[in-house]
Structure formats: C-alpha cells, structure tokens
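Below is one structure; the comments refer to it alone.
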Amino acid sequence: MKRIGILTAGGDTPALNATIHGAVERANELNLEVIGLIKGFNSLYNERLPHVPLNPLFQEIPELDPANGGTILGSSRDYVDPDNKEQLDIIEKRLEQLGIEGLICIGGDGTLNGLQPLADRLPVVLAPKTIDNDVIGTDLTFGFQSAVEVATEALDRVHSTAESHGRALVVEVMGRNAGWIALRAGVAGGADVILLPEIPFEIDRVVEQVEWRRSLGRRCTILCVAEGAAPVGGEQIVHALDPTSPDPVKLGGVGAWVAAQIDARSEVEARAVTLGHTQRGGSPVPGDRVLGT
Ligand code: F6P
C-alpha cells in the first residue's frame, strides 16, 4: 500500500477539514494510506511533532467533518525556503523515515512559493486555500466563499444601525494584496464605496461620495474596505509587525483611518468595524465544503 502525507500550512480557512476529508475519502477509494502531518511543515523539520494516521481509522476522527472549521492538523506559517538546501534535505529524510511517497499541501501563495524544490524530489500537490483568493492559476480558493459570507452578513447587519443614526459605516475586511473579499462582499452587501488594494483610492473622492449621498437624503453610506487598500501616494497601514513570523507584516487600521477622515472632513458621523479573524473562523459554507471535497 502506498502512503501519502497531508498537511495544512499558512493562515487557516474554514474549508481545511472539508479538504482533508475529501482527500482522505479519495485515498480510501484508491487504497492509499494517509498520514496527517502536524502544524504545517513543522513536523517535517521537527521529529518530536507527531504524525497521525487518517485512515483506515478515518471513521474514528469525528472532528474530521466537512462542517467543522479550523484544521484537525493545525497550521503554521513556517514555509519551505526554496534556497535552504539543508532544510530540504531534512524534509526529504523525514519523509523517507515516515515512508511517505507523495504529499498533499493545503496552502496558499506562501506555501506555493516554497514547493517547487520539494516537488523536484517527490510528487507534491498543492490544494489552494486562502480566504484572500489570491493563489495564481486558480479561480476559487478553499475558504474564500466562507469569508465572503461572513463579510456580506456583516455588511447586511450594519445597514440598519447606520440608517438609524444617519452614519457612514466602514467595514474593514481581510485581503492583503487582493481585494476579492472586499469586492465580492461589497457588491453582494450593497456597499456604496468599495476600496481595494489593487486600486489606490483618493480620500477626497470617498468623502465626496459620503457627502453626496447625504445631500440626496440617503440615510447612510456603507463602505467596504480591504485591509490592504491604500490612498494614492500612501502606504498600507500596518497594525503590527511580528518578526518571528515568515509573514511579519500584519495589516489593519485602514477602515478606522477612512472613518476618521470622513468624521473630520464631512458633516457625517462615521464608525468603523474590523472583521478580522471572524472571516477565517466557523463552519464553511456549502460551496467551500463541496469545493474541498
Ligand atoms: O493570508 C490570509 C490572511 O487571512 C490575510 O487576509 C490576513 O492579512 C492574514 O492572513 C492575517 O494573518 P494572521 O493569521 O497571521 O493574523
């Protein structure tokens, strides 16, 4: 019987267990043994981290349910460094020790960047996941639809309170360099202004839009802003730097900045809400469960 490994790497999405579940189901049909590797690539450098058989015990892992968010395998942002030969050798040795002949990596662009040298050594498949929907060569990543659902619901919900108070309400959604969540949720949730990382915005025009709507007697203005959006000539707003992480820059704060600008430059009172990791948590929507499967 052939044995393959599976791991989840990078930022999680609600669709990871659905994807592991789908892979294990197919492996069962193909009579492949599946080993779950813990915390992304960590268990390939670190012998102390366990690995778990996912079949034929599969039926006994109740958490491995397509309806469950998170990942039973855990994840981390420790990617393979394509230029670190020593690290690649350790990984290759560890895979050999575990008798793993092929690898399924459920990861995003960070994972993809490091995979080529590994793929030169054994068969590797990337299952493209990220809520940002920014993996090259794929239309829809596992988890994106669930994040859009959360963001759309938030936009729907802020409408009524914004109307009650005649406010502008800015909803900041995730999306570092790709505005897919903001665009999709913004359109679905009836946002009046959508700001994306791909298109630097003019803050004067944003304020004008809010004022224009007020002059028409509109009861509120809803703005959907991607965390990576930046004004023309300006920089993305960094919430925190984590030097220990391979992804050290944590964005956040542009929504609050836009709201402060509206407050300061218009007659309209503004508030901002940041959805953050709520977009990555909870149960996946049916579209993601089916895609993962
Ligand atoms: O890459 C996906 C993502 O959710 C981004 O949208 C966001 O900027 C980032 O991860 C947050 O990362 P962390 O989980 O490290 O806070």
Expected field for M1, accessible surface area in Å² at 1.4 Å probe radius, rounded to 10, holds 150
To the nearest 20 debye, the chain has a Cα-centred charge dipole, built from +1 on Lys and Arg Cβ and -1 on Asp and Glu Cβ, of 380
Length-normalised contact order of the chain in % [C-alpha pairs under 8 Å, at least 6 apart] | 21
Ordered by residue, what ³J(HN,Hα) values in Hz, to whole numbers, does the range 249-255 give under the Karplus form 6.51 cos²θ - 1.76 cosθ + 1.60, where θ = phi - 60° and Gly and Pro are x?
-> 8, 9, 7, x, x, 5, x
Given H placed on each backbone N at 1.01 Å, which residues far from H239 in sequence or on other chains put an amide H within less than 5 Å of it?
-> K250, L251, G252
What does the accessible area of E172 come to, in Å² to the nearest 10, when a probe of 1.4 Å is used?
-> 10
Alpha-carbon centroid distance for the pair the range 161-180 / the range 58-119, whole angstrom | 35
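Among all stretches of the chain without exposed trypsin sites (Lys or Arg not before Pro) (DSSP loop, at most 15 other Cβ atoms within 10 Å), which one is longest? Can you show the working numbers first?
Details: sites that count: K2, R48, R121, R218, R219.
Of all site-free stretches, the longest is 122-217.
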The base-10 log of I(q)/I(0) that the Debye equation returns for the chain at q = 0.10, 0.12, 0.13 Å⁻¹, one scatterer per C-alpha, is -0.59, -0.78, -0.87
Taking the chain as a Gaussian network, Cα atoms linked when under 10 Å apart, which of G137, G22, G179 shows the biggest mean-square fluctuation?
-> G137
Highest-MSF residue in the chain out of L275, L30, L140 [GNM, Cα springs under 10 Å] = L30
Any idea of H277's accessible area? Nearest 10 Å², probe 1.4 Å.
-> 120
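Roughly how many percent of the accessible protein surface of the chain is carbon and sulfur, given a 1.4 Å probe and a whole-percent answer?
51
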In the Gaussian network model of the chain, springs joining C-alpha atoms below 10 Å, which of D192, D134, D204 carries the largest mean-square fluctuation?
-> D204
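The values are calculated or read from the model by the stated rules, or taken from the named source; none is laboratory data. Owing to the predicted nature of the structure, the values given are computational and were not obtained by experimental measurement. For neighbour counting, all protein chains shown are included, and Cβ atoms are generated from backbone atoms with ideal geometry for every residue, glycine included. Ligands, DNA and RNA are stripped out before the accessible areas are found, and what is left, the full protein with its side chains, is counted by its heavy atoms. Shrake-Rupley method; radii C 1.70, N 1.55, O 1.52, S 1.80 Å.
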